[in-house]
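Take a look at the structure below.
The values are calculated or read from the model by the stated rules, or taken from the named source; none is laboratory data. Values in this document were obtained by computation on a predicted structure and should not be read as measured data. Backbone-built Cβ (ideal geometry, glycine too); neighbour counts: all protein chains shown.
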Amino acid sequence: MATSQNCLGVDDLVDVLDLLKRCGFPETKWHQLGLRLGLRKNTLDAIEMKYHSDVYRCMTECLSQWLSRADNVDSRGGANLDSLSDALRSINETAVAETLSESTMHNCIYMYIITITRGCHLH
């Protein structure tokens, strides 16, 4: 997965879904999150009509649209973990946003250590 400021893409969908699940995001808030990420209401309403009561599918499609940079995503900071964290905070999911930030930091440290370790083995 990309670092917090790198742009994410549709290939990162499963990672983003897994990350939000690990951070404790309630999938029922997918519509609110989508609005804050820059998706238009009509886009979210179309998702809701297509998938009805399947909250997981709605959440998945919402994030897929975000990762595809649909609607006004770029004006909200683009598809990256910083924008996701900001959107979470704006819908009062501060604990999820903080867990996301911690998880991202741990991932960056892990990747840094792996990079250094590989560099040491090359000499």
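Residues checked against (1) outside any helix (DSSP H, G or I); (2) not β-branched (Val, Ile, Thr):
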site	(1), (2)
11	no, yes
17	no, yes
22	no, yes
25	yes, yes
30	no, yes
43	no, no
61	no, yes
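Residue 39 satisfies every condition listed in (1) part of a helix (DSSP H, G or I); (2) over 20 Å from residue 103 (Cα atoms) except (1). For the range 45-58, indicate whether the set of residues that are within 22 Å of residue 24 (Cα to Cα), in contact with a helix residue (DSSP H, G or I) (Cβ under 8 Å, 6 or more places away or on another chain) and not in a helix (DSSP H, G or I) is non-empty. Checking the range 45-58: not a single residue is within 22 Å of residue 24 (Cα to Cα), in contact with a helix residue (DSSP H, G or I) (Cβ under 8 Å, 6 or more places away or on another chain) and not in a helix (DSSP H, G or I).
Go through 61, 27, 48 for me and flag whichever is of a type in the set (Asp, Glu) and closer than 21 Å to residue 103 by Cβ. After applying the criteria, what remains is 27. Only residues that are of a type in the set (A, V, I, L, M, F, W, C), closer than 14 Å to residue 32 by Cα and touching a residue at least 60 places away in the same chain (Cβ under 8 Å) were counted in the range 51-102, giving 3.
Inspect the range 47-61 for any residue being modelled with pLDDT under 90 and over 15 Å from the mean Cα position of the chain (by Cα) and give the result as yes or no. Taking every residue of the range 47-61 in turn, at least one turns out to be modelled with pLDDT under 90 and over 15 Å from the mean Cα position of the chain (by Cα). The requirement of being surrounded by fewer than 16 Cβ atoms within 10 Å (Cβ to Cβ) and aromatic (Phe, Trp, Tyr) is not satisfied by residue 51.
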